[in-house]
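Peer 1: This is the structure I want to talk about, given as structure tokens.
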């Protein structure tokens, strides 16, 4: 039976750099971008120009206006960023659904990306390896104890209960699981409680997580009340390092 390893860690603090657009090599880094929706929404007219007809139609299918705005911002900014990395006009980029149901670039091949959004924040990660990100707003009303019994192992439940802030602990572990299954393309299923999320290195069945080799899962905070995680296939392990950027929508679009 094929096995794989998953190492889960957490960053106590993150230094968010301002993205200048200069380093697009992706040799050793995995750039992770955070964008405030409230800031990006001011550039919607510009972002809409790079969306495909399908993306515009998909945005219109959302009933709530804030969901439409969040989708349009996410897809528009993703196109602008990918355009810089692959050196192509963002409105000409074409996407297909890969074997694992993850969207992928038609050309050039070899670039991977993943997005997540919650509340007022978006996350975008780009790399040359399989990568997944998850971001969650900590809802004070969400009954996390009920979900814990279904989606977490007994050890994970004990870990959450022992945290000084169990609600935060729940979301920190949840984002790690989500990021990992997004990176592998497996998605959530009945075995979600068996996806590793506790600190340390875990050996598990490759079929369980949907990927071979070694996987790094790193938790961090996007802002107060917004835990997140990035997961990626590390050939080293530890040859790759996430680098964190705050994205200025106006600068990316060319508005300044």
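Peer 1: Rank these for me by crowding, 15, 184, 5, going from fewest to most other beta carbons within 10 Å. The partial results should precede the final answer.
Peer 2: Working: 15 8, 184 23, 5 16.
By the 10 Å Cβ count, ascending: 15, 5, 184.
Peer 1: Compute the acute angle (0 to 90°) between the alpha-carbon long axis of helix 65-86 and the principal axis of greatest extent of the alpha-carbon atoms of the chain; round to the nearest 10°.
Peer 2: Value to nearest ten degrees: 80.
Peer 1: As an exercise, use a Förster radius of 35 Å and the Cβ-Cβ distance of residue 20 and residue 153 to find the FRET efficiency, rounded to the nearest 0.05.
Peer 2: Working: r = 43 Å, r/R0 = 1.21.
Computed FRET efficiency for residue 20 and residue 153: 0.25.
Peer 1: For 111, 232, what's the fewest-to-most ordering of other Cβ within 10 Å of each Cβ? Display every interim value, and only then the final one.
Peer 2: Values: 111 16, 232 26.
Fewest-to-most Cβ neighbours within 10 Å comes out as 111, 232.
Peer 1: Taking square-rooted eigenvalues a ≥ b ≥ c of the alpha carbon gyration tensor, is the stretch 138-225 rounded, prolate or oblate, where a/c under 1.5 means rounded and, failing that, a/b exceeding b/c means prolate? Could the numbers behind the result be given before it?
Peer 2: Values: a/c = 1.76, a/b = 1.54, b/c = 1.14.
Verdict is prolate for the stretch 138-225.
Peer 1: Note the full-extension length gain between residue 101 and residue 66 as 0.36 nm times their separation in residues minus their Cα-Cα distance, in nm to one decimal. Please report the intermediate quantities before stating the final value.
Peer 2: On the way: separation 35, 0.36 × 35 = 12.60 nm, distance 2.59 nm.
Gain on stretching residue 101 to residue 66: 10.0 nm.
Peer 1: At 7 Å along the Cα-to-beta-carbon direction for both residue 13 and residue 224, put a label point, then send me their distance in nm to one decimal.
Peer 2: 1.6 nm
Peer 1: Counting other C-beta atoms within 10 Å, which of 72, 176, 87 has the fewest, and how do the rest follow?
Peer 2: Numbers: 72 22, 176 27, 87 8.
Least crowded to most crowded, the residues run 87, 72, 176.
Peer 1: Oh, and also: Shape verdict for the stretch 74-127, please, from the Cα gyration tensor: rounded (a/c under 1.5), prolate (a/b greater than b/c) or oblate. Before the final figure, lay out each step's value.
Peer 2: Details: a/c = 1.99, a/b = 1.26, b/c = 1.58.
Oblate, since a/c reaches 1.5 and b/c is not below a/b.
Every read-out reported here was derived from the displayed coordinates using simple, explicitly stated rules and does not represent laboratory data. A quick note: this is a predicted structure, and the numbers were derived from the prediction, not measured. So basically every Cβ, Gly included, is an ideal-geometry build from the backbone, and we count neighbours across all protein chains shown.
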